[in-house]
Amino acid sequence: MNKLRILHLNDLHSHLERFPVIERFFAEKSHEEVESLSFDLGDNVDRVHPLAEATEGQFNVELMNRLDLTAATIGNNEGLGLTHEMLSHLYDEANFPVLLSNLATNFAQSEPLIVTTSFGLRIGIIGLTAPYVLAYPQAGWELSDPFVVLDELLPKLDCDFTILLSHLGKNVDEQIAKDYDEIDLIIGAHTHHLFEHGAQVNQTLLAAAGRYGEYVGQIDLTFNENNQLVDAQIEAIATNTLPQRKSDLVETNGWELRGHKLLEGTVVADLPKALPNVLPDFKGSHYLAKIFADYGNTKLCLMNSGLLVTDELPNHLTLDDLHEFLPHSIRLVRFTFTGEELRQVLLEIMDVSDFLATQKIQGMGFRGKTFGSLIFHGIEPREGDFYIKNSENQSLEKISDEESYQIVLPDQYLFAWYFPLLKKLGKSEILFPYFLREIVAEHFKNK
């Protein structure tokens, strides 16, 4: 009997505080007397960490190199959390191939990787990432449907055992397992799901190791002399059960401090005075709303005060401050509505925001605490209707049903479940390449 071990990590999201433990696990398990492969399933890079921000994700790849990976694929945090230029050069120093068959890039291998073990097992490895059809084309990347890609690749794949590195999510993985008998193992990611002891759909094995480095995956496969799989042991191991060293904290704190220091070195602006971001008037948020409207080349902006994660926008601003106060992986969306559509959307947002105001919001790029209050720029709600402000004389003009209006909103409003009408009405354009904090930095740089 011949044995093969597969180690995997997914959705680390720059939780580098767990990396020393993960690194030791990969090293120890791959150096035992068994042949091994190692994979990262994407969303390793997340610019929430100051050193990931300061190095545009390059430090994450430096750490990935230390895991001696067989291959990796990307997640949406790499694909859409970095600008086109950043992503194009993210893996310049990688010592592993990036497998990605449904996104046309200059840095990844679109064809399956074939690995042959010492006992002659030919393994075909495919990488796929979540297809954000509203975002990738606008970010300048050519996207393909994962199922169409599999239909093209699998008939041509000449191997004994097929592995899919999937950043598609649990439901899609299970559908693929139902539809494609040719895939023997799917190692999953994206939806942060966890299979502590693996799973199986039809004849396809499934593995997934949660999120944030809270777990690492180990798959032990046994093959007979004819390279047929006869046994599979799949396990997700909690990293808090693995040995830790005192030096781990010193190392990870050092990375954090290094990131802060690099960001602190760039002064963005010196404002005349600090701007409070508290009731009653949220001056800090209103100041940002004007910047966002200008960036979107429109007079109107709607956002929430909770996007600015501080009670005060200080007068002295560095890149480190912006990273702390606007930590989100959120961009702006410019919507074009008729007046009637705009009125419906604004009424919906106002209704739902009453519920959201004090809620702890999670996901869709939001890294704040609570949603907060609505911040209107260039538009004023009054007596159940809405009025456009004339910026020159501050006069008000009621929205006209037939006229066309453009307004910028955070992309979270489009992607999250809160505002269904927003998804249905008008036309939307995600404004690449910058996150909110980068828009602010560019504003002052250009001034």
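The values are calculated or read from the model by the stated rules, or taken from the named source; none is laboratory data. Everything numeric here is computed off the predicted structure, so don't read it as measured data. So basically every Cβ, Gly included, is an ideal-geometry build from the backbone, and we count neighbours across all protein chains shown.
Values for this structure:
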read-out: In the range 1-31, residue surrounded by the fewest Cβ atoms within 10 Å (Cβ to Cβ) [restricted to those that are assigned to a loop (DSSP other than H, G, I, E, B) and in contact (Cβ under 8 Å) with a residue 12 or more places away in the chain]; value: MET1
read-out: Yes/no for LYS156 being over 22 Å from the mean Cα position of the chain (by Cα), at pLDDT below 95 and farther than 27 Å from LYS3 by Cβ; value: yes
read-out: Unmet criterion (only one of (1) without any contact (Cβ under 8 Å) to a residue 24 or more places away in the chain; (2) more than 15 Å from ASN304 (Cα to Cα)) for ILE388; value: (1)
read-out: Residues that are part of a strand (DSSP E or B) and over 19 Å from SER14 (Cα atoms), drawn from the range 81-101; value: LEU99
read-out: Residue check, LEU307 in the same structural domain as ILE430 (by TED's automatic domain parsing), over 16 Å from LEU374 (Cβ atoms), surrounded by 20 or more Cβ atoms within 10 Å (Cβ to Cβ) and in contact with a Leu (Cβ under 8 Å, 6 or more places away or on another chain); value: no
read-out: Residue in the range 344-363 that is within 24 Å of the chain's Cα centre (by Cα) and under 23 Å from GLY426 (Cβ atoms) present; value: yes
read-out: Test: VAL98 is closer than 19 Å to HIS190 by Cβ, among the aliphatic types (A, V, I, L, M) and at pLDDT below 95; value: no
read-out: Qualifying residue in the range 49-58 (condition: farther than 25 Å from PRO137 by Cβ and either outside the structural domain of VAL230 (by TED's automatic domain parsing) or free of Cβ contacts under 8 Å to residues at least 40 places away in the same chain (or both)); value: yes
read-out: Check on LEU150, within 22 Å of ALA72 (Cα to Cα), among the hydrophobic types (A, V, I, L, M, F, W, C), in contact with a helix residue (DSSP H, G or I) (Cβ under 9 Å, 6 or more places away or on another chain) and buried (at least 18 other Cβ atoms within 10 Å of the Cβ); value: yes
read-out: Strands (runs of 3 or more DSSP E) enclosed by the range 167-254 - at least 3 residues per element that are β-branched (Val, Ile, Thr); value: 215-223, 229-238
read-out: Subset tally (residues that are outside any strand (DSSP E or B) and over 12 Å from LEU16 (Cβ atoms)) for the range 34-52; value: 5
read-out: Residue that is nearest to LEU409 (Cα to Cα) [pool: residues in the range 273-292 that are surrounded by fewer than 19 Cβ atoms within 10 Å (Cβ to Cβ) and without any contact (Cβ under 8 Å) to a residue 40 or more places away in the chain]; value: TYR287
read-out: Per-region count, the range 292-337, residues of a type in the set (Gly, Ala, Ser) and within 21 Å of the chain's Cα centre (by Cα); value: 2
read-out: Unmet criterion (only one of (1) closer than 24 Å to LEU4 by Cα; (2) modelled with pLDDT under 95) for ALA135; value: (1)
read-out: Single unsatisfied condition, ALA139 versus (1) in contact with a His (Cβ under 7 Å, 6 or more places away or on another chain); (2) within 20 Å of ARG18 (Cα to Cα); (3) in a loop (DSSP other than H, G, I, E, B); value: (2)
read-out: Test set (1) in contact with a Pro (Cβ under 9 Å, 6 or more places away or on another chain); (2) buried (at least 23 other Cβ atoms within 10 Å of the Cβ) - MET86 fails condition number; value: (2)
read-out: Pairs with Cβ under 9 Å, 6+ apart, first in the range 199-218 and touching a residue at least 12 places away in the same chain (Cβ under 8 Å) and crowded, with 23+ Cβ neighbours inside 10 Å, second of a type in the set (Asp, Glu) and part of a strand (DSSP E or B); value: ALA207/GLU235; GLY217/GLU235
read-out: Breaking point among (1) of a type in the set (Val, Ile, Thr); (2) assigned to a helix (DSSP H, G or I); (3) surrounded by 16 or more Cβ atoms within 10 Å (Cβ to Cβ), for THR298; value: (2)
